[in-house]
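Participant: Pasting a structure below so you can have a look.
The values are calculated or read from the model by the stated rules, or taken from the named source; none is laboratory data. What you see is a predicted model; the values in this text were computed from it and never measured. Every residue, glycine among them, receives a Cβ derived from its backbone with ideal geometry; neighbour counts consider all protein chains shown. Only protein heavy atoms, including side chains, enter the accessible area calculation; ligands, DNA and RNA are left aside. Shrake-Rupley method; radii C 1.70, N 1.55, O 1.52, S 1.80 Å.
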Amino acid sequence: MNLTRTAYGTWSGGRFMHYGEQLSEEHYMQLMRDSFAKGVRTFVTADVYGVGRADALLGEALKGIPREEYCLVGIVGHDIYEGIRQGSKGYPRFTDPSLRGPEKYYDYLKMATEKSLERCQTSKFDLLMLHNPDSISYTSEKVWDAFTKIRDEGLTERLGIAPGPANGFTLDMIECFERYGDRMDWAMIILNPFEPWPGQHVLAAAEKNKVDILARVVDYGGLFHDDVKPGHKFRDGDHRTHRPGEWIEHGVERLEKVRPIAQKHGLTMLQLACLWTLGNTAVKSVVPTLIQEHGEGARTIESKLDELAALPDQCLSKEEIETIRQIGDNTGCMALKGASQRHPADMEPRADEWAMRDDLMALAGSFGLRWTW
C-alpha cells in the first residue's frame with residue numbers, strides 16, 4: 001500500500017518529542033486506533049523515538065488490523081544500538097566513522113530494519129526512509145547500495161529520505177535526487193504555508209526524478225490548530241521554545257490574513273494548511289503534528305485528528321495558493337542546515353552541517369537557485 005494523502009506520525013501526542021501534554025501510553029495508542037477508524041491509513045514511525053518504544057506502541061495499537069489495510073512507514077538511521085546519545089544532539093548516525101566503515105553499512109541497516117519491524121509486529125514496511133542523513137548518506141554509493149539491497153530482500157516496498165531535524169539540506173537533497181532518484185520513491189520535508197522556504201526549492205527536482213513528497217510540520221508548530229495564541233505558556237522542555245521570539249505573534253497575524261480563504265471554502269485552519277501544502281508540486285501526503293496543548297482553552301487532540309481525517313478534496317485555486325505563499329514567505333528567516341557557505345571549506349563535517357562544494361553551487365544554478373547559502 002502506498003502512502004495516503006493524510007498520515008499519522010508517532011511523534012504526535014507528546015510522548016517522545018516534547019510537544020504540549022504527554023499522553024499516557026493507553027491514550028497514545030487509542031489515538032492511533034482512532035486515526036485508523038476515522039480513515040487516516042498511513043502511519044509513520046522512527047526507531048529512535050523512545051529508543052524503539054514508539055515502534056512498539058504503534059505495533060500494539062494496530063494489532064489485529066489486517067496489514068494490507070494500512071501503510072506503514074519506518075525510519076532508521078540514528079544508531080540507538082551501539083551509539084551513545086549526545087545530549088540534545090541525539091544519537092549519532094549509523095555512518096559515523098567512529099562506529100563503522102562502509103563495509104558495515106548493510107549489516108547495520110538490515111539489523112535496524114528487522115528490529116523495527118519486529119517491534120511493529122510485521123514483516124515489511126511499505127516505505128523505509130533514512131533518518132536525518134549526514135553528508136555521507138546523501139552521497140555515498142555504499143549507503144545506497146546497502147539500502148537498495150534491503151528493499152530487494154523484501155523488507156520494504158519503497159525507499160526514501162527523511163532529512164532533519166532542523167530545516168535546510170536543500171542542495172543536498174537535490175543532489176541526492178539527481179544521483180539516486182531511480183532508487184527512491186519518497187522524501188519527507190518541512191513545508192507549510194508559513195514555512196514555504198526552503199522546502200519549496202526541492203520540489204522541482206523531486207518532480208523531475210519522480211520522488212513524491214511527504215510534508216511534515218504542516219501545522220507550523222501547532223499554530224494552524226488555532227489554539228496557540230499570543231501569551232501561550234509552553235511547558236518546560238517544549239520543543240517550540242527554541243523558535244525565535246514573537247513567532248506566535250507574527251504567526252497569528254498572518255493567520256488572520258489567510259483565514260478568509262479558509263472561511264470561503266468552509267475549511268478549518270489545519271485543513272487550509274494541509275490543502276495548501278498538497279497544492280505544491282510533488283507533494284502527495286501530509287503528516288501534521290497532533291498536539292494536546294497545555295492550559296485552559298486548549299482543544300482536545302481528538303478534535304485535531306477529526307479535522308485531519310475529514311480533509312476534503314483540493315478546493316484551493318492556484319491564485320489562492322500563491323496568495324498564501326506570499327503572505328507566509330519566510331525566505332532567509334533562519335540559518336539552514338546541511339551544505340552551507342557559512343562553514344570553512346576545511347571544516348570537518350558534522351552530523352547536520354558541512355562545508356559547501358563548488359559542484360553543489362553549480363547544481364543550485366541549474367535549478368535557478370543562485371542566492372548565498
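Participant: Answer with one residue from 363, 332, 231: the one whose Cα lies farthest towards the positive end of the charge dipole of the range 225-373, charges on Cβ with Lys, Arg +1 and Asp, Glu -1.
Facilitator: Comparing the listed Cα positions along the dipole, 363 ranks first.
Participant: If you don't mind, there's one more thing I want to ask. Hey, what number do you get for the chain at 222 nm if only DSSP H runs of n ≥ 4 count, each worth -39500 (n - 2.57), divided across all residues, to the nearest 500? List each step's numbers first, then the result.
Facilitator: Numbers: 12 runs with 129 residues, N = 373.
So the calculated ellipticity at 222 nm is -10500 deg cm²/dmol.
Participant: Now for a different question. Which one of 35, 99, 341 has its Cα pushed farthest toward the positive end of the charge dipole of the chain, where Lys and Arg give +1 and Asp and Glu give -1 at the Cβ?
Facilitator: 35
Participant: For the range 273-373, give the magnitude of the charge dipole about the Cα centre (Cβ charges: +1 Lys/Arg, -1 Asp/Glu; no others), in debye to the nearest 20. Mind dumping the intermediate values first?
Facilitator: Working: 10 positive and 16 negative charges, 56 e Å.
For the range 273-373, the charge dipole is close to 260 debye.
Participant: Run the reach check for residue 337 against aspartates and glutamates, Cα to Cα strictly under 14 Å, same-chain hits fewer than 8 apart removed. What comes back?
Facilitator: Output for residue 337: 134, 172, 352, 353.
Participant: Then there's this: Quick one: work out the % antiparallel among DSSP beta bridges in the chain, nearest 5. All intermediate terms of the calculation are to be shown ahead of the outcome.
Facilitator: Numbers: 2 of 35 bridges.
So the antiparallel bridges in the chain amount to around 5 percent.
Participant: In debye, nearest 20, what is the charge dipole magnitude of the range 1-49 about its Cα centre with +1 on Lys and Arg Cβ and -1 on Asp and Glu Cβ, if you could check? Write down the numbers at each step before the final one.
Facilitator: Working: 5 positive and 5 negative charges, 60 e Å.
Dipole size: approximately 280 debye.
Participant: At a 1.4 Å probe radius, which order do 359, 238 fall into by accessible area, largest first? Before the final figure, lay out each step's value.
Facilitator: Numbers: 359 80, 238 5 Å².
Ranking 359, 238 by accessible area, largest first, yields 359, 238.
Participant: Let me ask you something else. So which lysines pass the test for residue 38, namely a Cα distance under 19 Å, with those fewer than 8 places away in the same chain ruled out?
Facilitator: The qualifying lysines are 63, 304.
Participant: Another one. For the chain, calculate the relative contact order in percent as a whole number, restricting contacts to Cα pairs under 8 Å that are 6 or more residues apart.
Facilitator: Numbers: 686 pairs, mean separation 68.9, N = 373.
Dividing the mean separation by the residue count of the chain yields 18 percent.
Participant: Now for a separate question. Using the crude model of +1 on Lys and Arg Cβ and -1 on Asp and Glu Cβ, and no other charge, please compute the dipole size for the chain relative to its Cα centre, in debye to 20. Don't skip to the end; give the middle numbers.
Facilitator: On the way: 45 positive and 56 negative charges, 25 e Å.
Using only the charged Cβ atoms, the result is roughly 120 debye.
Participant: Oh, and also: Which order do you get for 8, 81, 19 if you rank them by accessible area with a 1.4 Å probe, largest at the top?
Facilitator: Values: 8 0, 81 75, 19 35 Å².
Ranked list, largest accessible area first: 81, 19, 8.
Participant: Then there's this: Which of 131, 156, 194 sits farthest toward the positive end of the charge dipole of the range 60-198, with +1 on the Cβ of Lys and Arg and -1 on the Cβ of Asp and Glu?
Facilitator: Working it through, the farthest residue towards the positive pole turns out to be 131.
Participant: Work out from phi, with θ = phi - 60° and the Karplus expression 6.51 cos²θ - 1.76 cosθ + 1.60, the ³J(HN,Hα) of each residue of the range 223-239, listed in order in whole Hz, and give x for Gly and Pro.
Facilitator: 4, 7, 7, 6, 10, 10, 10, x, x, 4, 9, 7, 5, 4, x, 4, 4
Participant: Another question, then. Once you have all Cα-Cα distances for the chain, histogram them in 20 Å bins from zero and send the whole-percent values.
Facilitator: 29, 62, 9
Participant: May I pose another question? Excluding ligands and nucleic acids, what accessible area in Å² is computed for residue 80 using a 1.4 Å probe, to the nearest 10?
Facilitator: 20
Participant: Have a look at 63, 264, 208 and tell me which one the Gaussian network model of the chain (Cα, springs below 10 Å) gives the largest fluctuation.
Facilitator: Per the Cα network of the chain with a 10 Å cutoff, 264 tops the list.
Participant: Which loop-located GluC sites (Glu not before Pro) does the range 133-174 contain, where loop means any DSSP state but H, G, I, E or B and the Cβ has at most 15 other Cβ atoms within 10 Å? Please list the in-between numbers first.
Facilitator: Values: sites: 141, 153, 157; in loops: 153, 157.
Those satisfying the criteria are 153.
Participant: Which links in 104/124; 115/284; 208/318 stretch past 25 Å when you go from one Cα to the other?
Facilitator: Values: 104/124 22 Å; 115/284 28 Å; 208/318 20 Å.
Flagged as over cut-off: 115/284.
Participant: Under a 1.4 angstrom probe, counting protein chains only, how are 88, 35 ranked by accessible area, largest first? Show your work: numbers first, answer last.
Facilitator: Working: 88 125, 35 0 Å².
Greatest to least solvent exposure: 88, 35.
Participant: Still on this structure, please answer the following. Taking all protein chains as present, what is the carbon and sulfur share of the accessible area of the range 227-373, in % to the nearest whole number, probe 1.4 Å?
Facilitator: Working: 3780 of 7570 Å².
For the range 227-373, the apolar C and S fraction of the accessible surface comes to 50 percent.
Participant: Quick one: compute the contact order of the range 201-325, relative version, from alpha carbon pairs under 8 angstrom and 6+ residues apart, as a percent. Intermediate results must be reported in sequence, preceding the final value.
Facilitator: Numbers: 131 pairs, mean separation 45.5, N = 125.
Relative contact order comes out at 36 percent.
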